[in-house]
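See below for the structure under consideration.
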Amino acid sequence: MQANQRHNIKGNSPWESPVGYSRAVRVGNVVAVSGTTATLADGSIAHKNDPYGQTVQALKNIEAALLSAEAKLSDVIRTRIYVTDITIWQEVGRAHGEFFAAIRPAATMVEVKALIDADMLVEIEADAIIC
């Protein structure tokens, strides 16, 4: 990949085309991963009513997007976590910690009123720099 060439990575969200976004974008050694949920390849939401399971699936989806951009979880420097109910923070945090315990990116978790699908409990963004 050339230094400033833009590479858009497609994901499995049914909203990417209508809304006009990519799962991730890589420019140079920087990768930005869009808000990612527990959406499966068929467009369904995994682990309904399970914040831990949804967080694990969202992070697996982020990892897949990073791999498509020739990056890895250890390149992540920042995550932003959106939850529809802040009382689930421990389950969400436990899953995040399992993926990032050794990496320890800067992170934020906030409660939001709703996500695009009522079955979604968690949405996560990630920024990575490939070193």
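Bear in mind these aren't lab numbers, they're just calculated from the coordinates by the rules spelled out. Please read these numbers as outputs of a predicted model, since none were measured by experiment. FYI the Cβ positions are ideal-geometry reconstructions off the backbone, even for glycines, and counts take in every protein chain you see.
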Quick one: what are the phi-derived ³J(HN,Hα) couplings along region 21-28, Karplus 6.51/-1.76/1.60 with θ = phi - 60°, whole Hz, x for glycine and proline?
9, 10, 4, 8, 9, 10, 10, x
In vacuo Debye scattering of region 4-120, one point per C-alpha: log10 I(q)/I(0) at q = 0.23 Å⁻¹?
-1.49
Please identify every one of the trypsin sites (Lys or Arg not before Pro) in region 27-124 that sits in a loop by DSSP and has no more than 10 other beta carbons within 10 Å of its own beta carbon.
Lys113
What are the ³J(HN,Hα) values, in whole Hz, obtained from phi via the Karplus relation 6.51 cos²θ - 1.76 cosθ + 1.60 with θ = phi - 60°, for each residue of region 89-105 in sequence order, with x given for Gly and Pro?
4, 5, 5, 5, x, 4, 5, 4, x, 5, 7, 10, 3, 7, 8, 6, x
Fully extended, how many nm does the chain gain between Tyr21 and Asp119 (0.36 nm per residue separation, minus their Cα-Cα distance)?
33.2 nm
Please work out how much length the chain gains when fully extended from Asn49 to Thr108, using 0.36 nm per residue of separation minus the C-alpha to C-alpha distance, in nm with one decimal.
19.0 nm
How high is the relative contact order of the chain? Use alpha-carbon pairs under 8 Å, at least six apart in sequence, and give a whole percent.
30 percent
Provide the net charge surrounding Arg23, with neighbours chosen by a C-beta distance below 12 Å and charges set as Lys +1, Arg +1, Asp -1, Glu -1.
-1
Dipole moment magnitude, nearest 20 debye, the chain about Cα centre, only Lys, Arg, Asp, Glu C-beta charged:
380 debye
Expressed as a whole number of Å, what is the distance separating the alpha-carbon centroids of region 19-69 and region 106-124?
13 Å
Is it possible to state the helix-based mean residue ellipticity at 222 nm for the chain, with each DSSP H run of 4+ residues giving -39500 (n - 2.57), the sum divided by total residues, to the nearest 500 deg cm²/dmol? What is it?
-8000 deg cm²/dmol
Which of Asn29, Phe99, Asn49 sits farthest toward the positive end of the charge dipole of the chain, with +1 on the Cβ of Lys and Arg and -1 on the Cβ of Asp and Glu?
Asn29
Quick one: Karplus J couplings for region 51-60, per residue in order, coefficients 6.51, -1.76, 1.60, θ = phi - 60°, nearest Hz, x for Gly and Pro?
x, 4, x, 5, 5, 4, 5, 4, 5, 5
Chain lengthening between Lys10 and Leu40 when straightened (0.36 nm per residue, less Cα-Cα)
9.5 nm
What are the residues whose amide H is under 5 Å from the amide H of Ala24, where those residues sit 5 or more places off or on another chain and H is modelled from the backbone?
Ile9, Ser34
